[in-house]
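The values are calculated or read from the model by the stated rules, or taken from the named source; none is laboratory data. All values reported here derive from a predicted model rather than from experimental measurement. Reconstructed Cβ throughout: ideal geometry from the backbone, glycine too, with neighbour counts over all protein chains shown. Note: areas computed on protein heavy atoms with side chains; ligands, DNA, RNA excluded. Shrake-Rupley method; radii C 1.70, N 1.55, O 1.52, S 1.80 Å.
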Amino acid sequence: YAVGAATERPRDVPGAGLPGVSSATRFVAWYNGHPDFAGADFDLSQPRAVVIGNGNVALDVARILTTDPDRLAATDIAPHALKALRQSNIEEVVVVGRRGLAQSAFTVPELVGLTSMPDVDIVVSPQDLASLPDTDPRARILSDLPQRPGNRRITLEYLQSPTAIRSTSAGLEVEFARN
């Protein structure tokens, strides 16, 4: 028996309260059909979404945002979320961690599930990949992943902390400091 966080953990980042910024707790409750979040609205009109954190929930959010809605239709995803995801313009989800790849909080099975998605590419920088020992199963899983034109993409970035979120004419912009 295991549960995730039942409440949001607010970020102390300027701009965290802007429209279009949400917690993973709220987003997951929305697509899982929690009645308190059925009316939530998420802006899926931009080509890129940023997820701050690199645990299982972060990867799950990235997976939902990049999975073909026709595949999601065969799951128990909430109908209102499926309808919104069918109209989504998101092509890339950037998952950002404060620490390095070796300290990622996601599990190997969650990563395997992500890399087995046929229409989504996973991108990790060679420098981040080189930081893993050869014996780490994540090194084997993330090595030589195909990059296929036209696929949606999940980019894993490390050693960055958000310093500000700004609203621009093109949408939200997140500024990061390199750790």
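A few remarks follow.
- Taken per residue, the accessible surface of region 106-179 reaches 56 Å², heavy atoms only and a 1.4 Å probe.
- Compared with the alpha-carbon gap, the fully stretched path from Phe176 to Arg48 is longer by 44.5 nm at 0.36 nm per residue.
- Within the chain, helix-based [θ] at 222 nm, where runs of 4 or more DSSP H residues each add -39,500 (n - 2.57), nearest 500: -7000 deg cm²/dmol
- Percent of Cα pairs in the chain per distance bin of 10 Å, from zero to the largest separation: 9, 37, 38, 16, 1.
- Using the average count of surrounding beta-carbon atoms within 10 Å as a protection proxy, the listed peptides 59-68, 143-152 rank, highest first, as 59-68, 143-152.
- Averaging the Cα positions of each part gives two centres, and for region 56-74 and region 131-179 these lie 17 Å apart.
- For region 117-169, the residue among Val124, Pro149, Ser169 whose Cα projects farthest onto the positive side of the dipole built from Cβ charges is Ser169.
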